[in-house]
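Engineer: Quick one: this structure, given as structure tokens, is what I'll be asking you about.
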Amino acid sequence: MKLDKQVSVWAWIGRVAPLSALLLIGLVLTTDLSTYKDYIIIAIAVGFGTTAFFWWWWVIYAVKSLVKLLDSNKQKFDSIVKELKNIRKDMRNL
């Protein structure tokens, strides 16, 4: 596994694990766990919560990537428009 990918994985875990732990602690403290059914429900709730945390961070990074892509495309488009204006100007001068 490449170092960049390892760093990325640990960064995700560092963001999501504390939030998942807080969710688990909050659910355990606010409910009276007495049967296996209660434990299964808590596990499912923590699973959904953890998925939501991962999804939230993924969305933030996806939007960041899209903004970068749009910005670079806008810069390229501006450059093309400038070049076309220069070509049009040169054609008029001829």
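Engineer: Taking ILE80 as the residue in question, decide whether it is surrounded by 11 or more Cβ atoms within 10 Å (Cβ to Cβ) and either assigned to a helix (DSSP H, G or I) or among the acidic types (Asp, Glu) (or both).
Structural biologist: no
Engineer: Pick out the one residue from ILE41, ILE25, ILE13 that is part of a helix (DSSP H, G or I), without any contact (Cβ under 8 Å) to a residue 12 or more places away in the chain and surrounded by 14 or more Cβ atoms within 10 Å (Cβ to Cβ). Working first, answer last.
Structural biologist: Numbers: ILE25 fails: surrounded by 14 or more Cβ atoms within 10 Å (Cβ to Cβ); ILE13 fails: surrounded by 14 or more Cβ atoms within 10 Å (Cβ to Cβ).
Just a single option satisfies the conditions, and that option is ILE41.
Engineer: Quick one: in region 44-74, which of the residues that are of a type in the set (Ser, Thr, Tyr) and modelled with pLDDT under 90 is surrounded by the most Cβ atoms within 10 Å (Cβ to Cβ)?
Structural biologist: Here the answer is THR50.
Engineer: What do you reckon, is ASP71 assigned to a helix (DSSP H, G or I) and touching a Ser or Thr at 6+ places or on another chain (Cβ under 8 Å)?
Structural biologist: The answer is no for ASP71.
Engineer: Separate question: Among PHE77, PHE48, PHE54, which is the only one that is aromatic (Phe, Trp, Tyr) and in contact with a helix residue (DSSP H, G or I) (Cβ under 8 Å, 6 or more places away or on another chain)?
Structural biologist: After ruling out the rest, the residue left standing is PHE54.
Engineer: Scan region 55-66 and tell me whether some residue there is touching a residue at least 12 places away in the same chain (Cβ under 8 Å) and in a helix (DSSP H, G or I).
Structural biologist: yes
The values are calculated or read from the model by the stated rules, or taken from the named source; none is laboratory data. Only a predicted model underlies this, so the values are computations on that prediction, with no experimental measurement involved. All Cβ positions, glycine included, derive from the backbone under ideal geometry; neighbour counts span all protein chains shown.
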